[in-house]
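The values are calculated or read from the model by the stated rules, or taken from the named source; none is laboratory data. Source: prediction; values computed, not measured. Cβ placement follows ideal geometry from the backbone for every residue including glycine, while neighbour counts extend to all protein chains displayed. Heavy atoms of the whole protein, side chains included, go into the accessibility calculation; ligands, DNA and RNA do not. Shrake-Rupley method; radii C 1.70, N 1.55, O 1.52, S 1.80 Å.
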Amino acid sequence: MKLNKVDIGSEIEARINQLGLSKSEFGRKIGIPQQNVNRILEKPSIDTDKLLQICSVLDYNFFALYHDATQHMTVQAINHSAASLSGDAMVLNNGLNTKDTDLSAENAELKRELIEAQRKIIKLMEERK
C-alpha cells in the first residue's frame, strides 16, 4: 500500500482555521499551552496518540490524509479502520461506556470522513493532470 507524505501540522492548522478556533482555545481542548500548539502546527509529523486526540477534538480524521486514494480499499478494510479509530476515540473519552448505537454512529461518521478525504485526494490528483 502506498501512503502519502503529509505535513500534518499544516493540515491541523487548516482545520483549526476552518472551525474558527483560536490557538489558545484549541490548546485548552487538548490540554496543552498555546506555545506547545505552535510547536504542533510547525512540525510536519506528530505522535499518533496525540493525533488521535486531535482527531476527536477537531472532529476530523487526519489519518485518512495519509492514504493513497489511487489504491482501492475494500469495504472490510474501511470497516476495520473505522472500528479501530472508533475504539481509540472511546479510550480518549476517559473510558466511558457508550451505547451500541453511539458506536454505530461514530463508525458511520468515520467512514464518511474517510470517503470524503479520498474524494478530495482524487479531485486534487485529477486537477494535477
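Structure summary
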quantity: Accessible area in the full protein assembly, largest first, 1.4 Å probe, for Asp47, Asp7; calculated: Asp47, Asp7
quantity: Accessible area (Å², 1.4 Å probe, nearest 10) - Asp59; calculated: 90 Å²
quantity: Long pairs among Lys2/Lys29; Lys23/Lys43; Lys29/Lys123, criterion Cα-Cα beyond 25 Å; calculated: Lys2/Lys29; Lys29/Lys123
quantity: Prolate/oblate/rounded label for the stretch 8-58 (Cα gyration tensor, a/c 1.5); calculated: rounded
quantity: Cβ-placed point charges (K, R +1; D, E -1), dipole of the stretch 1-66 about Cα centre in debye, nearest 20; calculated: 60 debye
